[in-house]
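Q: Got a structure here, written out as structure tokens. Questions coming.
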Number of protein chains: 2
Amino acid sequence: MNVDLVVEGEEEIGSANLSNFLKENRERLKCDVVLVSDTGMIAPRTPTISYGLRGVVGLELKVTGPKIDLHSGIYGGAVANPLAAMARLLASLHDRDGRVAIPGFYDEVEPLQDWEREMWRKLPVDGDATVLNESRAPELFGEKGFSTLERIWARPTAEINGMGGGYQGKGTKTVLPSYAMAKLTFRLVPNQKGDAIVDLAKKHLQKNLPLGVTLEMISGHSGPWYMTDPNNQFGKAAQRALQTTFSKEVALIREGGSIPIVSDFRQILGAETLLMGLALPDCRAHSPNENFPLENLDAGIRMNQAVLQELAAA
Amino acid sequence: MNVDLVVEGEEEIGSANLSNFLKENRERLKCDVVLVSDTGMIAPRTPTISYGLRGVVGLELKVTGPKIDLHSGIYGGAVANPLAAMARLLASLHDRDGRVAIPGFYDEVEPLQDWEREMWRKLPVDGDATVLNESRAPELFGEKGFSTLERIWARPTAEINGMGGGYQGKGTKTVLPSYAMAKLTFRLVPNQKGDAIVDLAKKHLQKNLPLGVTLEMISGHSGPWYMTDPNNQFGKAAQRALQTTFSKEVALIREGGSIPIVSDFRQILGAETLLMGLALPDCRAHSPNENFPLENLDAGIRMNQAVLQELAAA
């Protein structure tokens, strides 16, 4: 069999060039299947295939009141405070239980299949304990009716990634600030569409805008969700390769993160992607002390040998 | 008559030393009345005495979720987002119409007297137009049942002076941040007490804290409101002096800002303070392009000559 290696370093900034590279080299890169190792294992020495990823779409908000920062004594009470307005606006995104409150947000969500729920329940991992331990949050919190893993892998979110305005330094400045900003991203699941979700969000936010301020909204980068069949011809081959490498039953999962380029592999190259990653739950992706264990470097070599053999035989 | 001049440069950082200086020099500084020119005129060439000031008290909030910033794809949906929690918490401070929603917040508020409302209605100034023009806010916004000037001069507020958390730079970072902060100040009116208001606020915020996060609250600096009788012996003298200086009827107003030291003059020196300032509505206090007109420098000299004569005769 022939192997093409594609190496890119722009995934974290949205792979702005890889998509064009694929289009320009469509014929040269034609293939049966794509293998990507940018996902994780559910636990050490537990082989894992991710057959689904959430999508993501961004939306930036700016709420403006007075044209300059005002003295909060001289004007406070007579004009709206953009920070209070932004807080009220952002509070309208969720209900008290953490469910997204944007009308229509869940309309296109494909319900979790029974076989998935069943399979995930049997995984040799305690999702609650893992997330509590890795995040060190005071407690778990999320949409009712779903387990922790289901919430991360198969449910959409509206997340505030940043917000700010006014005086954030030491001490006090009694300003009634001119504006507030917030950065949102929505994680998407089948069959939500980024454009449609952003439209719903914009409509909801505009409708819930408090009096006395104006709202500016700018759509950000987006990437679609991804789902593939882990039990197709190549998925089965990958499962056999992982079984050989780790001598342990393969976990079939989805992941909460997004790898937008895998949709381009499908659309431009017509190939499905096998997501066989080796990051551990405590890898601290995107955080201080990000790490990768040496034993998984070795396992990765053996996994790739095995997967080439199995795919060649498939 | 004898005149003592007290000059201090720490008013904007809470006059940390002036209070002690007054105590240490109580006998030397003993006086009949104090004159302070740190207030404003309601319009150009319109003599103004401020007989009331709002007080102020600060409260800083920190909402913490996970112990580190998390990847919002890998954890989003399973742990609470401190920014969303802070937004919900801050949104609980007011109702939709801008009235403070902290139970008991208005309990000690002295209702506006009929003579004040009547007097303010007759002032030769359009409060709505002035505030709209100076703030350049899209529209006015505030507690129902009160005019713009009443809202600023005689009603208490809960103002967010700053809030922030997560990623606020250019572009996107898909973090689920560890914490959010906010800085609040409450403007106080007779007969609210700073300590009691902070206690009510803390109780309300703790009760409204969303699930999945912890809340830390630190009380900030405070200064009491001030009210004096503009028609007492010295107030009448000041009114005559202003009438002489500007040849125009004197406006008797309150102000929305705070000058905490005037309460110390009362308590330590046993003297009331006449607030006769010359700043104009467009002076942009604490903002870029702060200004003071030269004609008011001249008027200030004449006003002080006249007030010394009138007080000596009083």
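Values in this text are rule-based calculations from the coordinates and carry no lab data. All figures in this text were calculated on a predicted structure; none of them were measured in a lab. All Cβ positions, glycine included, derive from the backbone under ideal geometry; neighbour counts span all protein chains shown.
Q: Ranking B:213, B:189, B:34 by Cβ neighbours within 10 Å, fewest first, what do you get?
A: Details: B:213 27, B:189 23, B:34 19.
Lowest to highest Cβ neighbour count: B:34, B:189, B:213.
Q: OK, next. Please state the charge dipole magnitude for the range B:146-258, taken about the Cα centre, from unit charges on C-beta atoms (+1 on K and R, -1 on D and E), reported in debye and rounded to the nearest 20. Working shown, then result.
A: Working: 14 positive and 8 negative charges, 40 e Å.
Dipole of the range B:146-258, to the nearest 20 debye: 200 debye.
Q: Need the list of aspartates and glutamates near residue A:144 for cross-linking: C-alpha distance under 13 angstrom, and skip anything on the same chain fewer than eight residues off.
A: A:95, A:97
Q: Hey, can you grab everything whose amide H is under 5 Å from the amide H of residue A:162? Only 5+ residues off in sequence or another chain; H modelled, so Pro and N-termini drop out.
A: Placed amide hydrogens put A:183, B:167 under 5 Å from residue A:162.
Q: Given the DSSP H assignment, sum -39500 (n - 2.57) over each helix run of at least 4 residues in chain A and divide by its residue total; what's the result at 222 nm in deg cm²/dmol, nearest 500?
A: Working: 9 runs with 93 residues, N = 314.
Computed mean residue ellipticity for chain A: -9000 deg cm²/dmol.
Q: Next up: Among A:2, A:90, A:112, pick out the residue whose Cα is farthest towards the positive end of the charge dipole of the range A:1-146, where Lys and Arg carry +1 and Asp and Glu carry -1 on C-beta, about the Cα centre.
A: Result: A:90.
Q: Gaussian network model of chain B, Cα springs within a sub-10 Å range: biggest mean-square fluctuation belongs to which of B:260, B:156, B:288?
A: B:288
Q: Turning to a different aspect of this structure: Test of understanding: in a Gaussian network model of chain B with alpha carbons linked when under 10 Å, which of B:165, B:127, B:194 would top the mean-square fluctuation ranking?
A: B:165
Q: Another question, then. Short version: ³J(HN,Hα) in whole Hz for each residue of the range A:95-101, in order, from phi by Karplus 6.51 cos²θ - 1.76 cosθ + 1.60 (θ = phi - 60°), x for Gly and Pro, what are they?
A: 8, 4, 8, x, 7, 5, 9
Q: For A:128-138, what's the mean count of beta carbons from other chains sitting within 10 Å of each residue's beta carbon? Each step should come with its number before you reach the end.
A: Details: counts 1, 0, 1, 7, 3, 0, 7, 12, 7, 16, 10.
The mean count of partner-chain Cβ atoms within 10 Å per residue comes to 6.
Q: While we're looking at this one, here's another question. If packing is taken as the mean number of other Cβ atoms within 10 Å per residue, what is the order of B:93-100, A:10-17, highest first?
A: Packing proxy ranking, top to bottom: B:93-100, A:10-17.
Q: Would you tell me the mean number of C-beta atoms belonging to other protein chains that fall within 10 Å of each C-beta in B:174-184, as a whole number?
A: Going residue by residue through B:174-184 and averaging, the value is 5.
Q: Next up: Å³ per residue of the Cα convex hull, for the range A:17-63?
A: 159
Q: Just checking the output field for B:85-98: average partner chain Cβ neighbours within 10 Å of each residue's Cβ?
A: Per residue, the number of nearby Cβ atoms from other chains is 6 on average.
Q: Counting pairs of alpha carbon atoms under 8 Å apart in space and at least six apart in sequence, what relative contact order in percent does chain B give?
A: Relative CO of chain B lands at 37 percent.
Q: Do you know the relative contact order of the range B:169-267, to the nearest whole percent, from alpha carbon pairs under 8 angstrom that are 6+ apart?
A: 28 percent.
Q: In debye, nearest 20: dipole of the range A:1-156 around its Cα centre with unit charges on the Cβ of K, R (+) and D, E (-)?
A: Approximately 400 debye in magnitude.
Q: Order these by the 10 Å Cβ neighbour count, fewest first: A:33, B:56.
A: A:33, B:56
Q: Starting from a label point 7 Å past Cα on the Cβ side, list the distances from residue B:37 to the same position in the other copies, nm, shortest first.
A: Those label-point separations list as 7.8 nm.
Q: Right, something else. Can you pull out the trypsin sites (Lys or Arg not before Pro) in the range A:1-54 that DSSP calls coil and that have at most 16 other Cβ atoms within 10 Å?
A: A:26, A:28, A:30, A:45
Q: Would you work out which of B:251, B:140, B:267 lies farthest towards the positive end of the dipole of chain B? Charges go on Cβ: Lys and Arg +1, Asp and Glu -1.
A: B:140
Q: For chain A, with a Gaussian network of springs between Cα atoms less than 10 Å apart, report the residue from A:245, A:157, A:273 with the top mean-square fluctuation.
A: A:245
Q: Can I ask one more? Among the lysines, which have Cα under 20 Å from the Cα of residue A:202 when same-chain residues fewer than 8 positions away are ignored?
A: Of all the lysines, those that pass the test against residue A:202 - Cα under 20 Å, at least 8 places apart if same chain - are A:62, A:183, A:193.
Q: Continuing with the same structure: So, with +1 on the Cβ of K and R and -1 on the Cβ of D and E, and no other charges, what is the size of the charge dipole of chain A about its Cα centre, to the nearest 20 debye?
A: Charge dipole, chain A, about its Cα centre: 860 debye, nearest 20.
Q: List the aspartates and glutamates whose Cα sits under 12 Å from the Cα of residue B:122, skipping any in the same chain fewer than 8 residues away.
A: Residue B:122 reaches B:249.
Q: Moving on. List every DSSP H helix in chain B whose Cα atoms extend 24 Å or more along the helix's own long axis and whose mean Kyte-Doolittle hydropathy is at least 0.0.
A: B:294-313
Q: ³J(HN,Hα) across the range B:274-279 via Karplus (A = 6.51, B = -1.76, C = 1.60, θ = phi - 60°), whole Hz, x for Gly/Pro?
A: So the Karplus estimates, Gly and Pro as x, are 8, 9, 10, x, 10, 6 Hz.
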